[in-house]
Each structure stands twice: as structure tokens, then as C-alpha cells.
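The values are calculated or read from the model by the stated rules, or taken from the named source; none is laboratory data. Remember, predicted model here, so these are calculated numbers, not experimental data. All Cβ positions, even for glycine, are placed from backbone atoms using ideal geometry, and neighbour counts span all protein chains on display.
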Amino acid sequence: MAQRSQVIVLATALILGVARAQNGTGSLTDLASYMTHINATRNDSSPVVLNIDTKDTSKRNATAPYLYGMMHEDISHSGDGGIYAELLANRAFQGSNWNTTNLPDYNGSVIGVSENTIEPVAPVLTAWNTIGNGTRILLDRFHPISSAVPTGIEIDFPEDATGEHGFQNYGWWGMNVEPQQYNVSFYVQGNYPRNQANLTSFTVSLRSNLTGEVFASSTIANVSVPFIDSVQLFTTLHPNRTAPNSNNTFVVSFDGEAIRGQTYYFSLFSLMPETFMGTPNGLRKDIAEAFYDMKPSFLRFPGGNNLEGFSPQTRWKWNETLGPLIDRPGRPGNWGYYTTQGLGLMEYLMWSEDMGVERVLAVYSGFSLDIWGVSGPSYPLDRMPEVLQEALDEIEFCMGNITSKWGSVRASLGHPEPFDIKFVEIGNEDWFSSTYPYRWKFMYEGLKAAYPNITYISTAYNEASASYGYNITIPPGVLWDTHHYEEPSFFVRGFNFYDNWQETTNQPGAQVFLGEFSAIQIDTPSHAVNFSFPEDKHIYYPRLVSALAEGVYLLGLERNPNVCKLASYAPSLQDFNWYNWTPDMIGFDADPSHTVRSASYWQQWLFAHYRGTQSLPITNSEGDYNPLFWGATLDEGKNCVYLKIINILGDSVPLTVNIPQPYKAVNGTILTAADLNSYNYIYNQTEVVPKPLSIPASASTPASYGGAAKFQWDVPRFSLTVLQFDL
Ligand code: AHR
């Protein structure tokens, strides 16, 4: 099996490419390259006859109950600026973007010229600006509001100030303004003697950055601002109309005469709109709703590479992501920008609770990537007890009862009920390291002893055999997380990869989690995936071809429910303004009407909506797999059969479906488009969306003489269809 390699090295190099948005306009001419066919397609449009056995219950298998889910890590501003609802960018001046680069005479990546040119990652004033002549803004380290949030801003007003003075934040490339409540807060401290105990009025507002129009405003009047410590101020904003676009700012302003010659220190601003399910410090509604609509069954978090850190010190430390924002230091994430950790462990747990999904909690396994990306530092065996303890504490935080040390901390944060954890993943892509055998064993044995009912996930099996000469044996009941960023034909050829997988690999009881996958480039003669994303090969936005090829592979998972348990597309989110990685399942910018559900999203949506509870045996009495691929399940609750059919040929294929019993009705939903390269973007969001299938009456013979049923239909070229037979 072709395993991708070198992803991390190149992903790291991609940090260089930030903000190089490819702004498609919706026309196919934007595509760097075209596919006219999938290389692995058999050019054979002869008829196919399928016989679905709805009678013999002995040949059925239960489908995998959690098969389709979500993977989230903060990449491409999918957390800060993305699904985390906070609207202010750089809200607490915690750190900047940085670049990595390759230099002659240096092996691998090194830090390159970064946003903060002197000290990469150090705080900057990005996203902030002053209002009014002579107003000064500078970073301030003399009035830390906490040890976790040591930096703020100093604002100096001139002695001759008149009219409006203040400062503003531009948000994450703008901010959405609509009629709803926005919760505002910030910390402020006065300077003595430039303030002489005067009472200060702070006006906050939401404004158009283009016209200056004020959509909502609120004044916190006559505050006696302290000099020794800061005070946190709160208010709300209530726009009464939707702004015409998202080019809006958040303004803190003052009457110039009233603040002449004064100086204030501010930090940790927050502007929170209403969130998904109203959860405090929660999720941006439209993006969360896109996930929720997909009917996912699990959430994998917090990474991905973002779990591992660019160094052991900067890894995702779960206990530093908890509690009041003033206690969260944030960290330089793995994707070239500083993350606030506003979307912390509790927020991920609430995300899964609000969506009613299971959790795949990825715990640090003692390996970080370092800048170079591969074979970064590993904890030696004699220090693995610390790593294990960190994971044990994290799990106790999630599911311990309130009398336990960490369960009581969770309770103190407002959630006394334990969160159930069904799956724990030990690390991420540890096949990039030579040390996983001992780290895996240590972690697996330690965690299993403490939590025997959790299902554990190994991030490596045989991927490192060429480089490091080891295979991990996946114990029965353990899942192997395999990642595939591939060309479309890889997914087609892999349709039967999991048939007899346990037997072939001699791992009885071992199971599979397809933790990350996507069609990342068009077919090439070498099949080698190029992770530098060459324009003429790379797939920027999931295309129809992606949905079809990924769908074929997922049918392969569906028909092996005893082996294949979980699958999640990755990365799941991309800010169109600033990203490290494409393609992504959902794209967005500050304007919710620009949130784009891609072709791959709709493939996931269809498969997740029409899952069924039992797999049904199908025999083909005419024709074979490729160019048609199929799979059938029975939904016992609804008493119906779902037949999924994918046609990867550029011609229609005549299909006959025989069912040995009558059915009451047949309906269908089809995903297809004008072209294999069709894709959805901001201005063409519905190029590739599921549509109801119109089925001619002549196609369907719901009950013939003798009680059997027949359905005859030409499966359209390049299409993915779900037929539903109500029994
Ligand atoms: O999905 C992007 C990255 O790809 C993930 O962080 C990592 O697990 C993989 O290399």
C-alpha cells in the first residue's frame, strides 16, 4: 500500500506559504489542472445486475456505529479565527506568526524571517490600530494581568486631544455583525500620574471599516480606573441590523477632551457573539452547524501535529488550556501562528457533548516534531512515567468522578458530570519516529491498566518499517490510525484493501481508524504525492473527483465493519484568508454566508446520513466492481435498505437491482456535477451538492409476481447515489 511520506517536513515548510490564498472565483478556469478521468477506472459500461439479499439474516454484520466523524486541530486558523467563536484577533498580545525556511548549508528547516523580525513568536500589535491624531499604541510588559497573560498594550493620548480617540481591532480578516448579543470584556489599568483618579468612560462599538457606520455601541461610564491592579470591565452590544459585509471593526473610543494627556494599559479583550447551543466560550455557530448537519459520530482532537508541538516545551499541554482565559498562556502551535488555547480541553469536551458525539482524545506520547519536522525529540524510556502520568491525569480530568483530584477540577469548572471517553489515541503519526515501540508499549500498558474499557489507538503499525525496521503489532481490540493524503486512483485501487486485512497482516482482532484522508492531488504517472502542493497537480478545493474517489474507499470501509471502525476527513477547516493546507472539508472567512461545504463534505454527509445498522450481502450476477462500486445496508429502525452506488466512469452504466421481497417506495439522492473538476467555492457554493434523484416510474417494479422486486436505472456518469428502498 502506498503510504504517504514526508508530510510533516513539507507541512512545516508550508508555514512559509501562509496567506497565499488561492481565491477561486467559481469558474473551472481557476483550476490549475483538469482531470478527464480517474486512471484506475475500468472503461466498461456494460450492464451490472445486483442481487441484494434482504432475507438471509445469517450473512449480515452490524455496521460500525461510529464510522463517520470529525477531526479537528488548529491548522489554517481552524481554531483561533475559525470554529472558536472569539471575534478579536490577537486579543491578548500573546504571540505572532513565524516562518520556517530551508537554507543552503542547513539540513531541514530552520526559523526564517518572521512577523516579529527580532524574536519569532514574540508579541506584536497585529490586528490593532489607533484612532485619533496623536494616539500612541505600544506593547506593554510592565502591567501583566497574570503570569499567563503577561503582555498588554499601552495607550497614550496627547495633551491636545479633541474629538474621538481610541483604538480598534480588525478581527480575523473582518468580523460578522448581525442582530444578536455580543459579550465584550477587557482588562484596564491606569497610569499614575498621567491619570489623577479621573473617572473614565469607555465606549465600545462595532463599525464598518469602509464607511464608519456604527452598528452598535455601548458606554461603560465613569469608571474609577485602578493604578495598582487592572480591573475587568464588561458590557454587551446589540446591533439592530446585519452589516452589509464583514469588513467591520471593534472600536474602543473616548472623548478626546476627557482623556487628554492620559495613559491606560489594556489587555485580554474579548468580543463573543452567540455560540453554538449557547455554550459559553463556545463555537462559531455556522461552522459548528456545518459539522453537526453532517451527523458525525465522533470528534478527534486536538491533533494532528498540533498535539505534538514544535518542541516538547510547546506541545499541547492540556492543563494549560483550562479555566478562565486569564490563566491560559496559549502556545506557539504547529502551524506557524500563536494559538490562544481559548479552544481548550473543556471546549473540545463541550463541543462533543453539544453535538452528542463520542470523543477520540489524542494524548501526548512523548514525541515532538521540532522545526525540522521528522525524528524530533523523544522522551527516553526512563522519563516516560511523566508522559504517562500526564495522560492519566488528562483522562481523569475528563471522566474521573468529582472526588478524584482532576475530576474535582472539572467540577469546579462547571461540569461535575464526567465526560465519557471511549477512544484514546496515543500520539500522532509516531511512525515519524524511531522510538514509538517503547513509547507505545509504555503508554498502552499504563493506560490500559488504569482504564481497561477504553479503546486505544496506535498511530503506527508498519509505516516506519523501511526507515526504522520495526512494525508495531496492533493488539486485538486496538485501532491503527492510518492517514492517507493521496491521488484519486489510490482510493479507487484501495477499495478492497481492508478485505481480509486482519488475516493478511496476521493481526487478528486489530482494527482500523482512517484518521485523516483526502484526495490531495490529481493522478500522476508516478503516483507519488507531492506535498509542496504544485499548482499543476494539487487539488485546492475538494472536487467531484475527490468525493467519488474518497467515496469508493469509504465503501471499502463500510463493507468491512468488523475491521474499519472510524474515519475522519482532514484537515476539516480552512480560513480562506490564511491557511497552511488544502484541500479542506469546509472553507470559511469572517462572513458566515461564505462558509462553503465542499464536494468531499457532501460525500461524508451522504454516507453519514444513510448508514444503516446491518450490512447486507450483495451478489453481482452480471458485471463487476469498477466502474460501479456499491454497498448496501439495512436500517432496522426505518425498515429500509440503503444502496450506495458510485460510478467513476464518464459514461452511464445500466444497473438492475433485484430484491427478494417487495418494497413500498424507492427514493434516491445523487451527488454529481458538470465536470469531474467541479468544486464549491464562496461564489459557487452549490456546484456539487446532493440533489433528490428523479426516478421514472418505469424504473421501479416494487413487487413482481412471486414477491420479488426489481429496479432498473442507468447510473449517471461520475456520480455518487444513495437509493433508499422502503420495505
Ligand atoms: O492534516 C494535516 C496534518 O497532516 C496533520 O496535522 C498531521 O497529522 C498530518 O501530517
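Quick one: Tyr451 ticks every box in (1) of a type outside the set (D, E, K, R); (2) touching a Phe, Trp or Tyr at 6+ places or on another chain (Cβ under 9 Å); (3) closer than 21 Å to Lys317 by Cβ; (4) away from the ligand (no atom under 15 Å from the Cβ) bar one, so which box is it?
(2)
Of everything in the range 530-567, what is in a loop (DSSP other than H, G, I, E, B) and either touching an Asp or Glu at 6+ places or on another chain (Cβ under 7 Å) or among the hydrophobic types (A, V, I, L, M, F, W, C) (or both)? Give them in sequence order. Step through it out loud before you land on a result.
Let us first name the residues in the range 530-567 that are in a loop (DSSP other than H, G, I, E, B), namely 530-537, 539-542, 559-563.
Listed by number, the residues that qualify are Phe531, Phe533, Ile539, Asn560, Val563.
Determine which member of the set Leu676, Leu655 is touching a His at 6+ places or on another chain (Cβ under 8 Å) and modelled with pLDDT of 95 or more.
Working: Leu655 fails: touching a His at 6+ places or on another chain (Cβ under 8 Å).
Matching residue, one of Leu676, Leu655: Leu676.
Does Gly95 satisfy being at pLDDT 95 or above and touching a His at 6+ places or on another chain (Cβ under 9 Å)? So that I can check it myself, show each step before the final result.
Working: at pLDDT 95 or above: yes; touching a His at 6+ places or on another chain (Cβ under 9 Å): no.
No.
Condition check ((1) hydroxyl-bearing (Ser, Thr, Tyr); (2) within 30 Å of Thr613 (Cα to Cα); (3) in contact with a Pro (Cβ under 6 Å, 6 or more places away or on another chain)) across all residues:
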| position | (1), (2), (3) |
| --- | --- |
| Tyr498 | yes, yes, no |
| Glu503 | no, yes, no |
| Asn530 | no, no, no |
| Val545 | no, yes, yes |
| Val552 | no, yes, no |
| Val563 | no, yes, no |
| Ser572 | yes, yes, no |
| Arg597 | no, yes, no |
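Scan the range 569-581 for residues that are within 16 Å of the ligand (Cβ to nearest atom) and part of a loop (DSSP other than H, G, I, E, B) and jot them down. Please lay out each step first, then the result.
First pass over the range 569-581, keeping only residues within 16 Å of the ligand (Cβ to nearest atom): 569-575, 578-581.
Result: Tyr569, Ala570, Pro571, Ser572, Tyr579, Asn580, Trp581.
For the range 320-373, what are the residues that are within 16 Å of the ligand (Cβ to nearest atom), under 25 Å from Ala92 (Cβ atoms) and not β-branched (Val, Ile, Thr)?
Selection gives Arg331, Pro332, Gly333, Asn334, Trp335, Gly336, Tyr337, Leu343, Tyr348, Tyr364, Ser368.
So which of Leu548, Leu557, Leu566 ends up being touching a strand residue (DSSP E or B) at 6+ places or on another chain (Cβ under 9 Å), modelled with pLDDT of 95 or more and within 16 Å of the ligand (Cβ to nearest atom)? If you could, list the steps in order and put the result at the bottom.
Values: Leu548 fails: within 16 Å of the ligand (Cβ to nearest atom); Leu557 fails: within 16 Å of the ligand (Cβ to nearest atom).
Just one listed residue meets the conditions, Leu566.
Listed residues Ser267, Ser311; which is among the polar types (S, T, N, Q) and at pLDDT 95 or above?
Only one candidate passes the filter, namely Ser267.
Considering only residues that are of a type in the set (S, T, N, Q) and surrounded by fewer than 16 Cβ atoms within 10 Å (Cβ to Cβ), look in the range 393-407 and name the one that is farthest from Ser458 (Cα to Cα).
First pass over the range 393-407, keeping only residues of a type in the set (S, T, N, Q): 401, 403-404.
Now drop any that are not surrounded by fewer than 16 Cβ atoms within 10 Å (Cβ to Cβ), which leaves 401, 403.
Values: Asn401: 27, Thr403: 31 Å.
Per the stated criteria, the residue is Thr403.
Kindly provide the set of residues from the range 573-626 that are of a type in the set (A, V, I, L, M) and over 20 Å from Ala547 (Cβ atoms), ordered by number. So that I can check it myself, show each step before the final result.
Just the residues of the range 573-626 that are of a type in the set (A, V, I, L, M), to begin with: 573, 585-586, 590, 596, 599, 606, 608, 616, 618.
Of everything in the range 573-626, those that are of a type in the set (A, V, I, L, M) and over 20 Å from Ala547 (Cβ atoms) turn out to be Ala590, Leu616, Ile618.
Kindly indicate whether any position in the range 700-717 is part of a loop (DSSP other than H, G, I, E, B) and at pLDDT 95 or above.
Quick first cut of the range 700-717, residues part of a loop (DSSP other than H, G, I, E, B) only: 702-708, 716-717.
Then keep just the ones that are at pLDDT 95 or above; that gives 716-717.
For the range 700-717, residues part of a loop (DSSP other than H, G, I, E, B) and at pLDDT 95 or above: present.
Go through the range 144-163 residue by residue and tally those that are farther than 22 Å from Glu257 by Cβ and surrounded by fewer than 19 Cβ atoms within 10 Å (Cβ to Cβ).
4
From the list Leu634, Leu693, Leu628, pick out the single residue that is of a type outside the set (Lys, Arg), buried (at least 19 other Cβ atoms within 10 Å of the Cβ), out of contact with any His (no Cβ under 6 Å at 6 or more places or on another chain) and within 24 Å of Gly494 (Cα to Cα). Spell out the reasoning first.
Working: Leu634 fails: within 24 Å of Gly494 (Cα to Cα); Leu693 fails: within 24 Å of Gly494 (Cα to Cα).
Checking each option against the conditions leaves just Leu628.
I'm trying to understand the selection: among the residues of the range 718-727, which are crowded, with 20+ Cβ neighbours inside 10 Å and in a loop (DSSP other than H, G, I, E, B)?
Phe718
Test Glu289 against the stated conditions and say whether it is in contact with a helix residue (DSSP H, G or I) (Cβ under 8 Å, 6 or more places away or on another chain) and either at pLDDT 95 or above or away from the ligand (no atom under 16 Å from the Cβ) (or both). Before you say what the answer is, go through the steps one by one.
On the way: in contact with a helix residue (DSSP H, G or I) (Cβ under 8 Å, 6 or more places away or on another chain): yes; either at pLDDT 95 or above or away from the ligand (no atom under 16 Å from the Cβ) (or both): yes.
So Glu289 passes the test.
Which numbered condition trips up Asp354, out of (1) within 21 Å of the chain's Cα centre (by Cα); (2) outside any helix (DSSP H, G or I); (3) within 26 Å of Leu283 (Cβ to Cβ)?
(2)
Results for (1) under 30 Å from Glu636 (Cβ atoms); (2) surrounded by fewer than 22 Cβ atoms within 10 Å (Cβ to Cβ), shown as yes or no for each residue.
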site: Ala40; (1), (2): no, yes
site: Ser45; (1), (2): no, yes
site: Ile52; (1), (2): yes, no
site: Ala64; (1), (2): yes, no
site: His72; (1), (2): no, no
site: Ser76; (1), (2): no, no
site: Gly79; (1), (2): no, no
site: Leu87; (1), (2): no, no
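Out of the range 523-535, which residues are within 16 Å of the ligand (Cβ to nearest atom) and either closer than 13 Å to Ser598 by Cα or among the aliphatic types (A, V, I, L, M) (or both)? Steps first, answer last, please.
Narrowing the range 523-535 to residues within 16 Å of the ligand (Cβ to nearest atom): 529-533.
Val529 - this is the single residue of the range 523-535 that is within 16 Å of the ligand (Cβ to nearest atom) and either closer than 13 Å to Ser598 by Cα or among the aliphatic types (A, V, I, L, M) (or both).
What residue, of Val9, Val49, Val18, Val110, is away from the ligand (no atom under 16 Å from the Cβ), aliphatic (A, V, I, L, M) and at pLDDT below 95? Before you say what the answer is, go through the steps one by one.
On the way: Val9 fails: away from the ligand (no atom under 16 Å from the Cβ); Val49 fails: at pLDDT below 95; Val18 fails: away from the ligand (no atom under 16 Å from the Cβ).
Answer to the check: Val110.
Keeping to the range 175-223, report how many residues are in a strand (DSSP E or B), surrounded by 20 or more Cβ atoms within 10 Å (Cβ to Cβ) and within 28 Å of the chain's Cα centre (by Cα).
The total comes to 2.
Out of (1) within 16 Å of the ligand (Cβ to nearest atom); (2) in contact with a Phe, Trp or Tyr (Cβ under 9 Å, 6 or more places away or on another chain); (3) not basic (Lys, Arg), what's the single condition that is false for His538?
Failing condition for His538: (2).
Among the candidates Gly81, Gly69, which residue alone is within 16 Å of the ligand (Cβ to nearest atom) and in contact (Cβ under 8 Å) with a residue 60 or more places away in the chain? Give the steps one after another, and end with the answer.
Working: Gly81 fails: within 16 Å of the ligand (Cβ to nearest atom).
That would be Gly69, the only listed residue that is within 16 Å of the ligand (Cβ to nearest atom) and in contact (Cβ under 8 Å) with a residue 60 or more places away in the chain.
Return the only residue of Glu425, Glu386, Glu347, Glu353 being in contact (Cβ under 8 Å) with a residue 12 or more places away in the chain and surrounded by fewer than 20 Cβ atoms within 10 Å (Cβ to Cβ). Give the steps one after another, and end with the answer.
Numbers: Glu425 fails: surrounded by fewer than 20 Cβ atoms within 10 Å (Cβ to Cβ); Glu386 fails: in contact (Cβ under 8 Å) with a residue 12 or more places away in the chain; Glu347 fails: surrounded by fewer than 20 Cβ atoms within 10 Å (Cβ to Cβ).
Only one candidate passes the filter, namely Glu353.
Looking at the range 592-620, which of its residues are touching a strand residue (DSSP E or B) at 6+ places or on another chain (Cβ under 7 Å) and assigned to a loop (DSSP other than H, G, I, E, B)? Explain how you work it out, then say what you get.
Filtering the range 592-620 down to residues touching a strand residue (DSSP E or B) at 6+ places or on another chain (Cβ under 7 Å) leaves 594-604, 606-608, 610-616, 618-620.
Result: Thr595, Ser598, Tyr610, Arg611, Gly612, Thr613.
Go through the range 582-591 and give me each residue that's within 20 Å of Leu299 (Cβ to Cβ) and either away from the ligand (no atom under 16 Å from the Cβ) or assigned to a loop (DSSP other than H, G, I, E, B) (or both). Please lay out each step first, then the result.
We begin by selecting, within the range 582-591, every residue within 20 Å of Leu299 (Cβ to Cβ); these are 584-588.
Passing the criteria: Asp584, Met585, Phe588.
Using beta carbons and a limit of 8 Å, which pairs, at least six apart or on different chains, have the first residue in the range 606-620 and in contact (Cβ under 8 Å) with a residue 12 or more places away in the chain and within 18 Å of Ile659 (Cα to Cα) and the second one surrounded by fewer than 17 Cβ atoms within 10 Å (Cβ to Cβ) and hydroxyl-bearing (Ser, Thr, Tyr)?
If the second residue must be surrounded by fewer than 17 Cβ atoms within 10 Å (Cβ to Cβ) and hydroxyl-bearing (Ser, Thr, Tyr), no pairs are left.
Looking for something buried (at least 23 other Cβ atoms within 10 Å of the Cβ) and either away from the ligand (no atom under 16 Å from the Cβ) or in a helix (DSSP H, G or I) (or both) - is there at least one such residue anywhere in the range 515-522?
yes
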